[in-house]
1. Could you check the simple spin-label distance between W10 and M62, using points 7 Å along Cα→Cβ, in nm with one decimal?
2. Please list, in chain and number order, the residues 5+ apart from I64 or on another chain whose amide H is under 5 Å from its amide H, with Hs placed from the backbone.
3. Run the reach check for K72 against lysines, Cα to Cα strictly under 25 Å, same-chain hits fewer than 8 apart removed. What comes back?
4. Using a 1.4 Å probe on the protein heavy atoms, what percent of the accessible area of the chain belongs to carbon and sulfur?
5. Mind checking the per residue accessible area of the chain for me, 1.4 Å probe, whole number of Å²?
6. Could you give the length gained by full extension between K33 and K72, i.e. 0.36 nm per residue of separation minus their alpha carbon distance, to one decimal place?
7. Shape call for segment 38-78 from the C-alpha gyration tensor, a ≥ b ≥ c root eigenvalues: rounded (a/c under 1.5), prolate (a/b greater than b/c) or oblate?
8. Return the Cα extents of the chain along principal axes one, two and three, sorted largest first, each rounded to a whole Å.
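The values are calculated or read from the model by the stated rules, or taken from the named source; none is laboratory data. This structure is a prediction, so every number in the text was calculated from the model and none was measured. Ideal geometry is used to build each Cβ from the backbone, glycine not excepted, and the neighbour counts take in all protein chains shown. Quick note on the areas: whole protein, heavy atoms, side chains included, nothing else; ligands and nucleic acids left out. Shrake-Rupley method; radii C 1.70, N 1.55, O 1.52, S 1.80 Å.
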Amino acid sequence: MARVYLSKKWRGSVLLVTICDEELLGKRFSEGKAVLDVREDFYGGGLVDVEEALDELEGCQMAILIGENTIKAAIKRG
């Protein structure tokens, strides 16, 4: 089973859940002017199984999902 980083943050009254494939933490991606820094201080958190992380999406209002394993598991779950 894939391992991912799970982080939960409150932004006012909104719960933001971030899930990031383990191997992507600390990487930087760019395409044209778009840049994504997968910073540990934002995306890092507990390292858990991807299914456990997806359970945390149930009560959140916003989510950021990064990585092939995370996205495939989320789509499979519906």
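1. Placing both labels 7 Å beyond Cα along the Cβ direction yields 1.5 nm.
2. Placed amide hydrogens put V17, T18, I19 under 5 Å from I64.
3. K72 reaches K8, K9, K27.
4. 50
5. Per-residue value: 65 Å².
6. 11.4 nm
7. Taking the square roots of the gyration eigenvalues as a ≥ b ≥ c, segment 38-78 is prolate.
8. Computed over the chain, the largest-to-smallest principal extents equal 34, 33, 22 Å.
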